[in-house]
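Presented below is the structure to which this report refers.
Just so you know, all these numbers are worked out from the coordinates, no wet-lab data involved. No experiment lies behind these values; they were computed from the predicted model shown. Every residue, glycine as well, gets a Cβ built from its backbone with ideal geometry; the counts of neighbours run over all protein chains shown.
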Amino acid sequence: MSGSEKASIVAPRAGGCGLDDIYFTRFKHGAWEEPENVGCQINSAAFDFGPSYFEDESGNAVLYFSSNRAGNQDIYCSVNSGPAQLVPELNTSSNDVRPNVRKDGLEIVFDSNRPGTIGLLDIYTASRATTADVWSTPTNMGPLINSTGNDARPTLSRDGLLMFFGSNRSGSEAGLSDTYMATREKFTGN
């Protein structure tokens, strides 16, 4: 790791805002610092989880995460530690959870049990031209990624060419969730 790497954790710690809160920590001088709660403008009295952090082209610190504060599980966003805001174009009346945003902030993947899934939970993706734009309508990643089981917790590599996810699809060990990897080629255009 370089001089000051950042990581997020989710935990039910004493003195938090709610059930499970999001914390950040930094790796400095060969050790992880004590995790700091991101605060009650972002965390709520409910479960807050699945954080994904990036910095946009203007240098804003942007945090996407999931929360069940409104009853079902939805995707929220906070810019520069400001109040959490629902991201309406990514959410449905179903559970939309565990967002992971590509390093440049132009693609997001998450799992959902919204109508139209192939299985129980499917992985969806959305994109945008700039970080100031709203997200496109999320699309199901289809049967090459999703199965009739639970396909969840997608994570994009920094360059967006690899995606890791968990699945309990047929062939998984004893019905548990195994880790899978999908790859794609970099599009160069004509």
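Placing R0 at 25 angstrom, the Cβ-Cβ distance between Thr92 and Thr155 gives a FRET efficiency of 0.70 after rounding to 0.05.
Sort out the exposed loop GluC sites (Glu not before Pro) in the chain (DSSP loop, at most 14 other Cβ within 10 Å) and tell me the longest stretch that has none.
Values: sites that count: Glu33, Glu57, Glu185.
By the stated rule (loop sites, at most 14 other Cβ atoms within 10 Å), 58-184.
Stretching Asn60 away from Glu185 to a fully extended chain increases their span by 42.1 nm, per 0.36 nm per residue minus the current alpha-carbon distance. Computed from the Cα positions only, the extents of the stretch 4-183 along the three principal axes stand at 41, 39, 36 Å, in decreasing order.
Farthest towards the positive end of the charge dipole of the chain, among the residues Tyr53, Thr155, Ile118, is the Cα of Ile118, using unit charges on the Cβ of Lys, Arg, Asp and Glu. The slack in the chain from Arg13 to Ala129, taken as 0.36 nm per residue of separation less the alpha-carbon distance, amounts to 37.9 nm. Under the simplified labelling scheme, the His29-Ser170 pair shows an inter-label distance of 5.7 nm, with each label point 7 Å from Cα along Cα→Cβ.
So, in Å, what gap is there between the alpha-carbon centers of the stretch 101-133 and the stretch 58-87? When both Cα centres are located, 15 Å separates them.
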